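Report on one structure; see the data block that follows.
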Number of protein chains: 2
Amino acid sequence: MQELITDILKRNQLSVTESRRKILELFHQSKGALAHADIEQSSAEHFDRVTIYRTLQTFVDKGIIHTIPTSDNSVRYALCKDECSAGHHHDNHVHFICDQCDTTYCLDHVSVPSLKMPNGFEAKQTDVVVSGICKNCQS
Amino acid sequence: MQELITDILKRNQLSVTESRRKILELFHQSKGALAHADIEQSSAEHFDRVTIYRTLQTFVDKGIIHTIPTSDNSVRYALCKDECSAGHHHDNHVHFICDQCDTTYCLDHVSVPSLKMPNGFEAKQTDVVVSGICKNCQS
DNA sequence: ACTATTTCGCAACTTTGTTGCAAAAAAATT
DNA sequence: AATTTTTTTGCAACAAAGTTGCGAAATAGT
């Protein structure tokens, strides 16, 4: 695991620091997306708030993670797939947010349908966020 | 115009106050969605920040406006269509945000496709936000 | 091992959103 | 139309979220 993490950082020309390794590891351990607060409250480790903000921004810039638009407008981040590269995200999959446990999933195998835009509108990116009950919360 | 505004407020059992009339009027004058800051910086009128927050929340509760999920996670509001009622929004249309002028449109005639969820996931609501170039920014 | 560069953590600050409460305005009542 | 009741407003104070500058510390390059 440690080697994978270090490798990802190096591939993206980032200095391998403890904060970056630990935060990236959190993403790899987590099933769903993480918010800034999730990382800050990570009991194992204490990270400075500013360091978290800067690390997340760096990862987004490098295409390691991407932000997920949520209906309650809170910022969440999830790992990108391999196709993403610096400055160029290809996250055309659907996101799912559970109403009960609030976990955010990337549904990699549900792809975004292409929609016909009205005259004059040119679509460049489509974000789809589905909410409902996830597989762990089904009674 | 004033009568329409007053009528909407009365239909929703809201006291007709100056702030509510003016803010609701802003929405009716605007082509796109409005953020809190747009209303606060409305040159014509000065509203207290707190009043704006509370008025927007009231309008959302009554089904007069709805929030739009954006990829940059800023909160925007737009007028609901007639079918919306208190506590029960029916905004299953697609939203469009222009990369250039940042205007947010409700594409009322583009409906949200239904997607097949993976086993165990139960979809309750689907939000679609398309970004690109709007009809006013085409060169 | 030493030097140059990058990153971190602290402090201070800005922006965004919330809560309690007295004053003002709107609605209901007489 | 005047008075009472209810609702809403605006202020202050606070809480949360995010940003910036800068010296100290850690990482990378030689």
From the label point of A:Arg54, set 7 Å from Cα along Cα→Cβ, how far away are the matching label points in the other copies, in nm, ordered shortest to longest? 4.1
Gaussian network model of chain B, springs between alpha carbon atoms under 10 Å - residue of B:His36, B:His109, B:His93 with greatest fluctuation: B:His109
Give the lysines reachable from B:Lys81 as a straight Cα distance under 28 Å; neighbours fewer than 8 places away on the same chain don't count. A:Lys116, A:Lys124, B:Lys10, B:Lys22, B:Lys31, B:Lys62, B:Lys116, B:Lys124, B:Lys135
Would you tally the net charge around B:Pro118, using a Cβ to Cβ cut-off of less than 14 Å, leaving B:Pro118 out, and scoring K and R as +1, D and E as -1? +1
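Taking only protein heavy atoms and a 1.4 Å probe, what accessible area per residue, in Å², does the protein assembly as shown have with all protein chains in place?
Details: 15450 Å² over 278 residues.
Normalised by residue count, the accessible surface of the protein assembly as shown is 56 Å².
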From the helices alone, meaning DSSP H stretches of at least four residues, give me the mean residue ellipticity at 222 nm for chain B, per-run term -39500 (n - 2.57), in deg cm²/dmol to the nearest 500. -8500 deg cm²/dmol
Fully extended contour minus Cα-Cα distance, from B:His46 to B:Asn12, at 0.36 nm per residue: 9.8 nm
Counting Lys and Arg as +1 and Asp and Glu as -1, what is the net charge of the other residues whose Cβ lies under 15 Å from the Cβ of A:Asp102? +1
Return one number: the angle in degrees, 0 to 90 and rounded to the nearest 10, between the long axis of the Cα atoms of helix B:18-29 and the longest principal axis of the Cα atoms of chain B. 40
I want to verify a result. In a Gaussian network model of chain B, Cα cutoff 10 Å, which of these has the top mean-square fluctuation: B:Asp61, B:Asp72, B:Asp108? B:Asp72
Out of the total accessible area of chain A (probe 1.4 Å, heavy atoms of protein only), what percent is carbon and sulfur? 44
Could you work out which residue, out of A:Arg49, A:Arg11, A:Arg76, moves most in a Gaussian network model of chain A, that is, has the largest mean-square fluctuation with Cα springs under 10 Å? A:Arg11
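Just add up the charged neighbours of A:His46: K/R +1, D/E -1, any other residue whose Cβ is under 12 Å from the Cβ of A:His46. Write down the numbers at each step before the final one.
Numbers: positive: A:Lys22, A:Arg49; negative: A:Glu18, A:Glu40, A:Glu45, A:Asp48.
Result for the local shell: -2.
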Would you mind checking the tilt of helix A:2-11 against the longest principal axis of the Cα atoms of chain A, expressed as 0 to 90 degrees and rounded to 10? 70
Could you tell me the center-to-center distance, by alpha carbons, between the range B:8-58 and the range A:1-47 in angstrom? 43
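The values are calculated or read from the model by the stated rules, or taken from the named source; none is laboratory data. What you are looking at is a predicted structure, and each value in this text was computed from that prediction instead of being measured. Note that we place each Cβ from the backbone using ideal geometry, even for glycine, and neighbour counts take in every protein chain shown. The protein model used for the area step is the full one, side chains on, heavy atoms only, and it has no ligands, DNA or RNA in it. Shrake-Rupley method; radii C 1.70, N 1.55, O 1.52, S 1.80 Å.
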